[in-house]
Amino acid sequence: MKGRKWLYLGVISLVWGSSFILMKKALLGLAPFQIGALRILISGVLLFVVAFDKIIKIERRHWVPIAQVAFIASFFPAFFFAFVIDEIDSSVSAVLSSLTPLITMILGALFFGFAYQKKQIIGIFVGLLGTLLLILSGVENNPDQNYFYTLLILLSSIGYALSLNIIKSKLQDANAMAITAGGFLLLFPFAFLVLLFSGFEELNFSREIVQHSLGYVFLLSLLGTAFAKVLFNKLVQISTPVFSSSVTYLITVVAVSWGFIDGERLSFYQMVAISVVFTGVYLVNKKKRDA
């Protein structure tokens, strides 16, 4: 179990860390509302086909928490991050999302009765320190970007943190694939309405840039939304909310690396901050007993 949860953490980090650059590329030919809606619709179709047999077995008592998780951790963030990356470097956006573990710990302690060890708490704040260092260096490198949109990342982080605690406290005995597929089934009509009024039908689909953007969204939906969501829900069930939320630290490193490859500037101070982030991840998960 210990090896499996670390494997899940690594795979999810690579996939979600790469999602930021995919969104950045998709924005070249599509609007933020279109990207968010398409992610949900494509993922919903894929999950419905693959997991229909699991959806029909979902117990009635699970549908309300599944709906809560779907909206706060999938629906709104899909749109929020598309708007954020349209205004701020993808690497900085990923950095800001690493507030999730701290919020998870606070909400878990206040409302869900979860207890944490001293080393975990220290690790959370060390990781947060690394995050702040990355933010400051990002602001210094790109002072002309609109950091007002960081509020959307904060809202997404709160949603992720709440969903982690909901899954752990109310969906522990539910199938991870069923949680994800059932949630996207509920989101499907809402995403369809958004796409309908987003001007999607007016796009010139013969343009190469639009075709490429649609390809990026498909990859984003298949890997970053459908596959990684199932894997993440499973990770939450076999570990702790804090361990699961620490994926946002590793996502930061992957996303910053992709940003550097794509021409976003990466300073020496950002490299130092990434090292601090890794230290935080180590401390968060260094326990006497496995989660």
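Every read-out reported here was derived from the displayed coordinates using simple, explicitly stated rules and does not represent laboratory data. Quantities reported herein were computed from a predicted structural model and do not represent experimental measurements. Methodologically, a virtual Cβ is constructed for each residue, glycine included, from the backbone with ideal geometry; neighbour enumeration extends over all protein chains shown.
Based solely on its DSSP helices, what 222 nm [θ] is calculated for the chain when runs of n ≥ 4 H residues each add -39,500 (n - 2.57) and the sum is averaged over all residues, nearest 500 deg cm²/dmol?
On the way: 14 runs with 213 residues, N = 291.
So the calculated ellipticity at 222 nm is -24000 deg cm²/dmol.
For Phe200 and Ile122, the difference between the fully extended length at 0.36 nm per residue and the C-alpha to C-alpha distance is 23.4 nm. Net charge dipole, the chain: roughly 1540 debye, given to the nearest 20, about the Cα centre with Cβ charges of +1 for Lys and Arg and -1 for Asp and Glu.
At 0.36 nm per residue, minus the direct Cα-Cα distance, what do Leu14 and Ala109 gain on full extension? Give it in nm, one decimal, please.
Details: separation 95, 0.36 × 95 = 34.20 nm, distance 2.89 nm.
Going from the current span to full extension adds 31.3 nm.
In this structure, the residue pairs whose Cα-Cα separation is over 18 Å, taken from Lys168/Lys229; Lys119/Lys170; Lys57/Lys168; Lys118/Lys170; Lys170/Lys234; Lys5/Lys229, are Lys119/Lys170; Lys57/Lys168; Lys118/Lys170.
Of the residues Gly127, Leu203, Leu22, the one whose Cα sits farthest towards the positive end of the charge dipole of the chain is Gly127 (charges of +1 on Lys and Arg Cβ, -1 on Asp and Glu Cβ, taken about the Cα centre). Report note on the peptides 32-42, 49-59, 126-136: ranked by the mean count of other C-beta atoms within 10 Å, highest first, their order is 32-42, 126-136, 49-59. Residue ranges 251-262, 210-221 sort as 251-262, 210-221 when ordered by packing (mean number of other C-beta atoms within 10 Å per residue, highest first).
Filter the chain for me: DSSP H helices, axial length by Cα at least 24 angstrom, mean Kyte-Doolittle hydropathy not below 1.6. List them by residue number. Intermediate values should be presented prior to the final figure.
Details: long enough: 2-26 (36 Å, 0.49); 32-55 (33 Å, 1.63); 118-141 (35 Å, 1.28); 150-170 (30 Å, 1.22); 176-196 (30 Å, 2.32); 268-285 (27 Å, 1.51).
Within the chain the helices that satisfy the rule are 32-55, 176-196.
Straight-line cross-link partners of Lys24 among the aspartates and glutamates, defined as a Cα under 17 Å from its Cα and at least 8 positions apart when in the same chain: Asp86, Glu87, Asp89, Glu208, Asp262, Glu264.
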